[in-house]
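These notes concern the structure reproduced below.
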Amino acid sequence: MLNRIIDRFCRFLELLVAVFLAIMVVMVFGNVVLRYGFNSGIIVSEELSRWLFIWVTFLGAVIALKEHTHLGSDMLVSRLSVRGKRACFIVSHLLMLYITWIFLLGSIHQVKLNWNVEAASSGWSVGIFYAAGIAFSVLGGLLLMLELVRAVTGRLQESELVTVQESEERAELDTLRAELAEAKPPAGTRT
């Protein structure tokens, strides 16, 4: 049930990221056409595109955290026993939670400092720009805590204890191998 809620929320974030990207493309392209074709422009185009880019980056990081698509090195951890993998998983998640906590505090501080500062072209609060860090910290922290609880209570399978990918190609190869293993008929049966 909880996994379904998280999956739906991440799909919502993916949709939001797609909408933000579409707005950025329309604004930047529209601004180029207006400047070169009509000697005019959209005043808030550059500023809003920068802000949306920051939000896309941080929301995308939450999605990547949920799907374990961040790149890393699993050379050591993948060779450990299940107990060693679980210990590394717990330590790494505790460290990530600590860093996320520090990032949250810094983002809150920046939002407070810049809430009354108006952006140059839009006049909106610059605090909105820094609020992306709060959104990432809260959402990412919740995901990390849920995974940590699952690891401590033993509800993670061994394959879920290694959460980084050596490379995208390696991850695709492992997925293909797993699919082939499932599709392969048992030995001694006729097809």
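The values are calculated or read from the model by the stated rules, or taken from the named source; none is laboratory data. Note that the coordinates shown come from a computational prediction; the quantities given were computed from them, not determined experimentally. Note: ideal-geometry Cβ built from the backbone for every residue, glycine included; neighbour counts use all protein chains shown.
Going by the conditions given, is Trp101 assigned to a helix (DSSP H, G or I), in contact (Cβ under 8 Å) with a residue 60 or more places away in the chain and either farther than 18 Å from Gly133 by Cα or out of contact with any Pro (no Cβ under 6 Å at 6 or more places or on another chain) (or both)? It is false that Trp101 is assigned to a helix (DSSP H, G or I), in contact (Cβ under 8 Å) with a residue 60 or more places away in the chain and either farther than 18 Å from Gly133 by Cα or out of contact with any Pro (no Cβ under 6 Å at 6 or more places or on another chain) (or both). Here is the figure for region 142-160: residues that are farther than 16 Å from Asn3 by Cα and either at pLDDT below 65 or small (Gly, Ala, Ser) (or both) total 2. For Thr100, indicate whether it is among the β-branched types (Val, Ile, Thr), modelled with pLDDT of 90 or more, farther than 19 Å from Asn3 by Cα and touching a Gly at 6+ places or on another chain (Cβ under 7 Å). Here the answer is yes, as Thr100 does meet what is asked. Taken together, Val56, Val26, Val17 contain a single residue that is without any contact (Cβ under 8 Å) to a residue 24 or more places away in the chain and either surrounded by 15 or more Cβ atoms within 10 Å (Cβ to Cβ) or over 25 Å from Leu139 (Cβ atoms) (or both), which is Val26. Within region 118-129, at least one residue is touching a residue at least 60 places away in the same chain (Cβ under 8 Å), part of a helix (DSSP H, G or I) and surrounded by 16 or more Cβ atoms within 10 Å (Cβ to Cβ). Looking only at region 59-71, residues that are of a type in the set (Gly, Ala, Ser) and outside any helix (DSSP H, G or I) come to 0 in all.
For region 36-58, which residues satisfy the criterion of being farther than 14 Å from Trp124 by Cα and assigned to a loop (DSSP other than H, G, I, E, B)? Once the filter is applied, which keeps residues that are farther than 14 Å from Trp124 by Cα and assigned to a loop (DSSP other than H, G, I, E, B), region 36-58 yields Asn39, Ser40, Gly41, Ile42.
Note on region 36-63: residues that are touching a Gly at 6+ places or on another chain (Cβ under 8 Å) and aromatic (Phe, Trp, Tyr) total 1.
The residues of region 72-96 that are assigned to a helix (DSSP H, G or I) and surrounded by 15 or more Cβ atoms within 10 Å (Cβ to Cβ), listed by number, are Val77, Lys85, Arg86, Ala87, Cys88, Phe89, Ile90, Ser92, His93, Met96.
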